[in-house]
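Student: Below is one structure. I have some questions about it.
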Amino acid sequence: MKRTISGLFAGLILLCACGHKKTDEGTITYSVEYELPDSLKQYASYLPKQAIVYFKGDSTISIQEASEESTSVITHANTHFMRALLKSATKHYAVDYDKAAQAEEVATMPSYTFTKTADAKTIAGYHAAKYTLKDKATGENAEAWFTKDVSIIPNSLTTSMDTTLGVPLAFTIKQNGIIVKTTVKEIKFDPVPAGVFLTPKGYEFLTPQQFREMTTGN
């Protein structure tokens with residue numbers, strides 16, 4: 001009897017050890033959908049349909065690709081570092097945002113109040129609770145689903161979300177007049193590729209102001 005109990009206890013310890021995954025390193029794959037007005041539907045093929053985020057410790061990189069273009073954002077939370085890498089078929093730009101510049105960018109994004117609802121569902125294998133988002137400036141409503149089943153460092157895609165509510169697994173918000181729905185398809189807790197947070201050679205560095213002037217034509 002003692003041997004049986006001892007064996008069951010050892011098995012329970014092994015099961016618990018296998019069930020707790022290391023959550024400070026891995027990959028998140030998102031699907032991205034758009035509701036475009038008729039005047040912009042011709043540009044649908046130029047928009048990224050997927051985003052991949054690698055995370056490790058306090059570092060993340062989000063990568064979105066469409067056609068020959070890609071946008072990647074590297075962040076290091078502890079040092080407030082953020083670098084955007086913008087690549088086309090002919091140009092490669094890198095833009096660094098210090099803490100003040102990041103605050104300016106965040107100020108241009110929608111800001112929300114979050115109200116929990118009674119709705120719940122499973123997304124990517126995790127229990128998620130639904131929140132109604134209300135745009136503080138326009139009063140328009142949106143929605144987001146958060147889970148507390150896992151803890152993962154926030155990334156550039158979740159900047160508008162209140163991550164104290166959990167990990168955002170799905171959120172529908174309006175960006176520049178376009179409704180964008182972002183949903184987690186899969187989370188893997190595997191080692192990230194070596195050098196994934198490094199900037200490749202061949203990128204021209206711009207200040208946030210230079211990049212803004214270039215894109216607005218001012």
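Student: Give the residue that is farthest from I178 (Cα to Cα), with candidates limited to residues of region 130-158 that are assigned to a strand (DSSP E or B) and over 18 Å from the mean Cα position of the chain (by Cα).
Tutor: Only one residue tops the list, namely T132.
Student: Considering P37, P110, which residue is open to solvent by 50 Å² or more (accessible area, probe 1.4 Å) and more than 23 Å from T207 (Cβ to Cβ)?
Tutor: P37
Student: Looking only at region 159-177, how many residues end up being more than 12 Å from the chain's Cα centre (by Cα) and either exposed (fewer than 14 other Cβ atoms within 10 Å of the Cβ) or part of a loop (DSSP other than H, G, I, E, B) (or both)?
Tutor: Result for region 159-177: 6.
Student: Here's something else I'd like to know. Answer with yes or no whether A142 is among the hydrophobic types (A, V, I, L, M, F, W, C), at pLDDT below 95 and open to solvent by less than 90 Å² (accessible area, probe 1.4 Å).
Tutor: So A142 fits the description; yes.
Student: Taking region 43-94 as the region of interest, how many residues are within 24 Å of I178 (Cα to Cα) and part of a loop (DSSP other than H, G, I, E, B)?
Tutor: Residues flagged as within 24 Å of I178 (Cα to Cα) and part of a loop (DSSP other than H, G, I, E, B) within region 43-94 amount to 6.
Student: Kindly check whether there is at least one residue in region 192-215 that is among the acidic types (D, E) and touching an Asp or Glu at 6+ places or on another chain (Cβ under 9 Å).
Tutor: Among the residues of region 192-215, not one is among the acidic types (D, E) and touching an Asp or Glu at 6+ places or on another chain (Cβ under 9 Å), which makes the answer no.
The values are calculated or read from the model by the stated rules, or taken from the named source; none is laboratory data. Since the structure is predicted, the reported quantities are computational estimates derived from the model, not experimental observations. All Cβ positions, glycine included, derive from the backbone under ideal geometry; neighbour counts span all protein chains shown. These accessible areas exclude ligands, DNA and RNA; they are computed on the full protein's heavy atoms, side chains included. Shrake-Rupley method; radii C 1.70, N 1.55, O 1.52, S 1.80 Å.
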